[in-house]
1. Just to be sure I understand: if I project the alpha-carbon convex hull of segment 1-146 onto a plane and average over all orientations, what area do I get in nm²?
2. I'd like the carbon and sulfur percentage of the solvent accessible area for segment 83-137, probe radius 1.4 Å, heavy atoms only, ligands and nucleic acids excluded.
3. Express the carbon and sulfur contribution to the solvent-accessible surface of segment 14-53 as a percent, rounded to the nearest whole number, probe 1.4 angstrom.
4. Once amide H atoms are built 1.01 Å from N in the peptide plane, which residues 5 or more positions from SER35, or in another chain, come under 5 Å H to H?
5. Tabulate in residue order the Karplus-calculated ³J(HN,Hα) for segment 94-111, using 6.51 cos²θ - 1.76 cosθ + 1.60 with θ = phi - 60°, rounded to whole Hz; enter x for Gly and Pro.
6. So what's the gap between the Cα centers of segment 123-159 and segment 10-42, to the nearest angstrom?
7. Where does segment 81-145 land on Rg(C-alpha)/(2.2 N^0.38 Å)?
8. When the dipole is taken about the Cα centre of segment 11-82, and only Lys, Arg (+1) and Asp, Glu (-1) are charged at their Cβ, what size is it in debye, to the nearest 20?
Amino acid sequence: MRLIVVSAGLSSPSSSRLLADRLAAETLGRVAAESEVIELRELATEIAQHFVTGFPPARLAAALDAVAAADGLITVTPVFAASYSGLFKSFFDLLDKDALTGKPVLLGATGGTARHSLATEHALRPLFTYLRALVLPTAVYAASEDWGDEGLAQRIARAGAELARFMTPAPRDAAPDVDTAAAIAPRSPTGAITSVDPSVGFEPVPFEQRLAALRAG
């Protein structure tokens, strides 16, 4: 299997690359896979050339092919003006429209303030949903003050477990792995996602009974 990491950080070193490396390390600690990091800042000129000429230079073509052939994908972008960077969007604009179909994708973003934390949900998630990727439930945003915080480490661990789980689906009759089971939202007996632990059990109250109680009150 192959894990591809796309980092859109513009500096060296960058917080986006740091987050990408931590997400990759967490994933690779749970699944056996080869990994490759694609630094988009090194491909900025080639990306611009592709838009102008319609033909990707060799390095860019190799990067696009690597993403299309990946078994799992980690993407991390800095947040500019409450959204992904232009370089990040330009790279994924060049992918074939079917390249990410059904591919598990872990979303990550970095920024100077926690006020941009929802950029993963209102910008990144719709983009990859449009590309028909399998976008994982947990997206990881890291603001400047998050580094070294236990909460960030927990989010990274959860996201890595989710990606590892979807890169190697367990057989239907296999018992869930302790580590990866925690990364999957609990479901009710009907299959709907619920906040109730199914191992505890609960008795659903019929709607008619609830309605009668309201009338009585």
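1. About 8.3 nm², averaged over all directions.
2. Ligands and nucleic acids excluded, carbon and sulfur give 57 percent.
3. After summing per-atom areas, the C and S share lands at 49 percent.
4. LEU3
5. Listing the rounded values in order: 8, 5, 4, 4, 9, 5, 9, 4, x, 8, x, 10, 9, 9, x, 8, 10, x Hz.
6. 13
7. Details: Rg = 12.0 Å, N = 65, 2.2 N^0.38 = 10.7 Å.
Its radius of gyration relative to the 2.2 N^0.38 Å reference: 1.12.
8. Details: 5 positive and 9 negative charges, 42 e Å.
It comes to approximately 200 debye.
The values are calculated or read from the model by the stated rules, or taken from the named source; none is laboratory data. Computed from a predicted structure; not experimentally measured. Methodologically, a virtual Cβ is constructed for each residue, glycine included, from the backbone with ideal geometry; neighbour enumeration extends over all protein chains shown. What goes into the accessible areas is simple: the full protein's heavy atoms, side chains included, and nothing from ligands, DNA or RNA. Shrake-Rupley method; radii C 1.70, N 1.55, O 1.52, S 1.80 Å.
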